[in-house]
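Colleague: Sharing a structure, written as structure tokens. Questions coming.
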Amino acid sequence: MRSASATWSVIADLVAETVAQSSALSRDEAVQAMSAAEAVGRMLIAGGHLHKHPLTLVAGKVHCEITTVSGTAALTLEENLNPVPGATGADDFTIHLPSPAPLQEQVKAVADGHARLSDAAPPVPETKAASSGPLIDLEALRRAVTHR
């Protein structure tokens, strides 16, 4: 269990490390984009919006959806915080922020303020790599919640 600030910091590191796999992309640029989105990101986390709507990193063929879990469900799940493989050949990246109704104006303002941020829906991934998959096992989460 982490605070919204600590959770955002972990997410920002995950995004930066994933982007850093590409020699054509700058880890610093990912860090700057995540820093620009930090205030709204913490609001998305604190409001529970990242439970339902993922933050999505699109870097080349990588399509990484990041969600959060809280409450008792968070105590039984293992986090996957390793950089997502496959971004080595990427030459561009975009961080798509979810834009739920109560925060649409704030998310839009942040997305409009940085070229690597977007409030638009992420593109549908072209292919699913063998190493891709949800960071959280939703079926295990459902079983854990209904088992209690």
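The values are calculated or read from the model by the stated rules, or taken from the named source; none is laboratory data. What you are looking at is a predicted structure, and each value in this text was computed from that prediction instead of being measured. Cβ: placed from backbone, ideal geometry, glycine included. Neighbour counts: every protein chain shown.
Colleague: For the stretch 1-80, which fully contained helices (runs of 4 or more DSSP H) count at least 1 residues that are at pLDDT 90 or above and under 23 Å from ALA101 (Cβ atoms)?
Modeller: On the way: elements: 4-19, 27-36, 38-46, 49-52, 72-76.
Helices (runs of 4 or more DSSP H) meeting the threshold: 4-19, 27-36, 38-46, 49-52.
Colleague: Moving on to the next point. Would you check which residues across the stretch 68-101 are touching a residue at least 40 places away in the same chain (Cβ under 8 Å), in contact with a strand residue (DSSP E or B) (Cβ under 8 Å, 6 or more places away or on another chain) and surrounded by 17 or more Cβ atoms within 10 Å (Cβ to Cβ) and list them?
Modeller: Selection gives VAL84, GLY86, ALA87, ALA90, PHE93, ILE95, HIS96, LEU97, PRO98.
Colleague: Hey, any hits in the stretch 112-120 for a residue that's within 17 Å of VAL19 (Cα to Cα), at pLDDT 95 or above, not charged (D, E, K, R) and not in a loop (DSSP other than H, G, I, E, B)? Spell out how you get there, then give the answer.
Modeller: Just the residues of the stretch 112-120 that are within 17 Å of VAL19 (Cα to Cα), to begin with: 114-118.
Keeping just the survivors that are at pLDDT 95 or above gives 114-118.
Restricting the remaining residues to those that are not charged (D, E, K, R) gives 114-115, 117-118.
Applying the additional criterion that residues be not in a loop (DSSP other than H, G, I, E, B) yields 117-118.
Yes: the stretch 112-120 contains one or more residues that are within 17 Å of VAL19 (Cα to Cα), at pLDDT 95 or above, not charged (D, E, K, R) and not in a loop (DSSP other than H, G, I, E, B).
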